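These notes concern the structure reproduced below.
The values are calculated or read from the model by the stated rules, or taken from the named source; none is laboratory data. Quantities reported herein were computed from a predicted structural model and do not represent experimental measurements. Cβ: placed from backbone, ideal geometry, glycine included. Neighbour counts: every protein chain shown. Side chains are part of the model used for accessible areas, which takes the heavy atoms of the whole protein and leaves out ligands, DNA and RNA. Shrake-Rupley method; radii C 1.70, N 1.55, O 1.52, S 1.80 Å.
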Amino acid sequence: MPLIRDKIIGHNNERLAFQFTMLNGESVVPCQISDAAMDALAGTAGTESSARQAQFLSLRDDIEKIASDLFAQGPLVEGHVVRIFAKHIKR
């Protein structure tokens, strides 16, 4: 079963990643995508942190599809964070 869209948490400057959540039934699944992965998906580089939310929103459908696919492949452990890195982006 694919994950369902949930909430945007926002950009984490410490982790250089954008955080969001998705739902697996009633369970909340924490997710994040690295800045490098978002730039790779957008075909850009060096996007300012202040522009990350707009970038996430423009790529949201693709990002959530990747997160859902990674979740389906990964361990079904409570609290597992789905992390999307540049290596997960098909070029």
Output ³J(HN,Hα) for region 74-81: one whole-Hz value per residue in order, computed from phi by the Karplus curve 6.51 cos²θ - 1.76 cosθ + 1.60 with θ = phi - 60°, and x for Gly and Pro.
-> x, x, 8, 10, 4, x, 4, 9
Ignoring ligands, DNA and RNA, how do S68, S49 rank by accessible area with a 1.4 Å probe, largest first?
-> S49, S68
Cβ-placed point charges (K, R +1; D, E -1), dipole of the chain about Cα centre in debye, nearest 20 | 200
Once you have all Cα-Cα distances for the chain, histogram them in 10 Å bins from zero and send the whole-percent values.
-> 18, 54, 26, 3
Hits among aspartates and glutamates - C-alpha to C-alpha of K65 under 14 Å, sequence gap 8 or more where chains match = D6
